[in-house]
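Visitor: Let me begin by handing over the structure; questions about it come next.
Throughout, read-outs are computed from the coordinates displayed, never taken from laboratory work. From a predicted model like this one, the values you see are computed outputs, not experimental measurements. Cβ placement follows ideal geometry from the backbone for every residue including glycine, while neighbour counts extend to all protein chains displayed.
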Ligand code: PMP
């Protein structure tokens with residue numbers, strides 16, 4: 001991704017894509033002092049744009065790394081990047097991190113907090129699984145307790161086990177991995193939340209140790225508007241045996257049907273299709 005034409009916004013300046021570099025002694029690279037956002041722009045409008053910018057700032061606060069930019073400045077930066085690259089339909093990635101500075105120890109209060117915003121064209125996150133139903137592995141790693149790490153932050157440190165789990169899943173021919181949490185409850189995938197359907201009602205984990213995704217919140221609203229009962233609750237992995245349909249939600253994943261998780265099988269059913277299509281219509285509305 002580093003060697004291409006285009007522009008990236010870095011600390012208030014638009015720089016050539018190839019020149020958007022950091023030093024090897026960047027604090028965030030060593031100690032995961034980094035938070036980020038993943039957003040999608042549809043027809044020139046970023047879905048839930050301000051909510052994403054606000055979450056970025058909140059993630060920074062949660063990891064004790066105040067970001068020296070306001071929501072309106074981040075909004076402007078995102079749209080400048082889209083315009084500079086000529087994109088109307090793209091994925092937008094904002095990342096804030098502790099840069100290189102006076103300190104190279106764990107303490108980093110004297111290192112500058114930097115912000116970069118990039119955008120690129122990114123189609124279906126799960127490829128054809130978007131239509132046929134994704135196959136998920138069950139990760140051997142567990143989502144940590146909120147007493148271990150600030151789980152509500154979209155922080156780089158939380159993604160170390162995501163990459164490891166995704167690699168293990170891909171080696172088994174799966175598109176992604178599903179995590180249980182530290183208590184053993186069904187949690188989330190490596191970059192998406194999970195929903196199940198049984199007897200016309202929807203079940204999804206309580207976001208007490210997972211990211212409460214903006215897509216998750218949007219989809220819960222869409223279901224309630226349709227009069228569908230949504231149970232936000234702790235879900236045991238064995239319950240997956242009795243669930244009929246399953247889908248993932250996320251900015252990149254949008255609404256992706258799931259056909260299989262480990263040995264559990266699901267149908268790509270009517271409600272899954274309906275919500276997936278309704279979400280697509282909503283983001284373009
Ligand atoms: N969980 C994790 C671990 C994620 O990385 C994401 C993607 N940001 C989500 C859930 C879904 O969040 P959102 O709907 O806000 O993209």
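Visitor: Suppose R0 equals 35 Å; then what is the FRET efficiency for residue 232 and residue 89 from their Cβ-Cβ distance, rounded to the nearest 0.05?
Guide: 0.65
Visitor: What FRET efficiency, computed as 1/(1 + (r/R0)^6) with R0 = 41 Å and r the Cβ-Cβ distance, is obtained for residue 199 and residue 1, rounded to the nearest 0.05?
Guide: E between residue 199 and residue 1, to the nearest 0.05, is 0.40.
Visitor: Helix 270-284 sits at what angle to the longest principal axis of the chain, using alpha carbons and giving 0 to 90 degrees rounded to 10?
Guide: The answer is roughly 30 degrees.
Visitor: In nm, to one decimal, how far is the modelled label at residue 182 from the one at residue 131, with both set 7 Å along Cα→Cβ?
Guide: Each label point is offset 7 Å from its Cα along the Cβ direction, giving 4.3 nm.
Visitor: Taking the mean number of other Cβ atoms within 10 Å as a proxy for protection, how do you rank 202-211, 62-71 from highest to lowest?
Guide: Put in order of decreasing packing, that is 202-211, 62-71.
Visitor: Suppose a student asked you for the relative contact order of segment 44-166, using Cα pairs under 8 Å spaced at least 6 residues apart; what percent would you report?
Guide: The value is 26 percent.
Visitor: Also: Suppose each label sits 7 Å from its Cα in the direction of the beta carbon; what would the residue 75-residue 142 distance come out to in nanometres?
Guide: Distance between label points: 4.2 nm.
Visitor: Could you tell me the extents of the chain's C-alpha atoms along the three principal axes, largest first, rounded to whole Å?
Guide: Over the chain, Cα extents along the principal axes are 57, 40, 34 Å.
Visitor: Using the count of nearby Cβ atoms within 10 Å as a rough guide to exposure, how do 97, 131 rank from fewest to most?
Guide: If I rank by nearby Cβ atoms, fewest first, I get 131, 97.
Visitor: Hey, what did segment 142-285 get for relative contact order, percent, Cα under 8 Å, at least 6 apart?
Guide: Result for segment 142-285 is 20 percent.
Visitor: In what sequence do 218, 256 fall when counting other Cβ within 10 Å, fewest first?
Guide: Ranking 218, 256 by Cβ neighbours within 10 Å, fewest first, gives 218, 256.
Visitor: Related question: To the nearest 10 degrees, how steep is helix 214-225 against the longest Cα principal axis of the chain, on a 0 to 90 scale?
Guide: Between the helix axis and the principal axis of the chain, the angle is about 40 degrees.
Visitor: Packing-wise, with mean Cβ within 10 Å as the measure, how do 17-25, 155-163 rank, highest first?
Guide: 155-163, 17-25
Visitor: May I pose another question? Return the whole-Å distance between the Cα centroid of segment 215-285 and the Cα centroid of segment 62-129.
Guide: 29
Visitor: Still on this structure, I have one more. Sticking with the crude label model, points 7 Å out along Cα→Cβ, report the distance from residue 280 to residue 120 in nm, one decimal please.
Guide: Result: 2.4 nm between the two label points.
Visitor: Below 8 Å between Cα atoms, with a sequence gap of 6+, how large is the relative contact order for the chain in percent?
Guide: Normalised by residue count, the contact order of the chain is 17 percent.
Visitor: Using alpha carbons only, how many degrees (0 to 90, rounded to 10) separate the axis of helix 160-171 from the longest principal axis of the chain?
Guide: With both axes taken from Cα atoms, the answer is about 50 degrees.
Visitor: Pulled fully out, how much extra length does the chain show between residue 102 and residue 24, if you take 0.36 nm times their separation in residues and subtract their Cα-Cα distance?
Guide: Computed gain between residue 102 and residue 24 is 26.7 nm.
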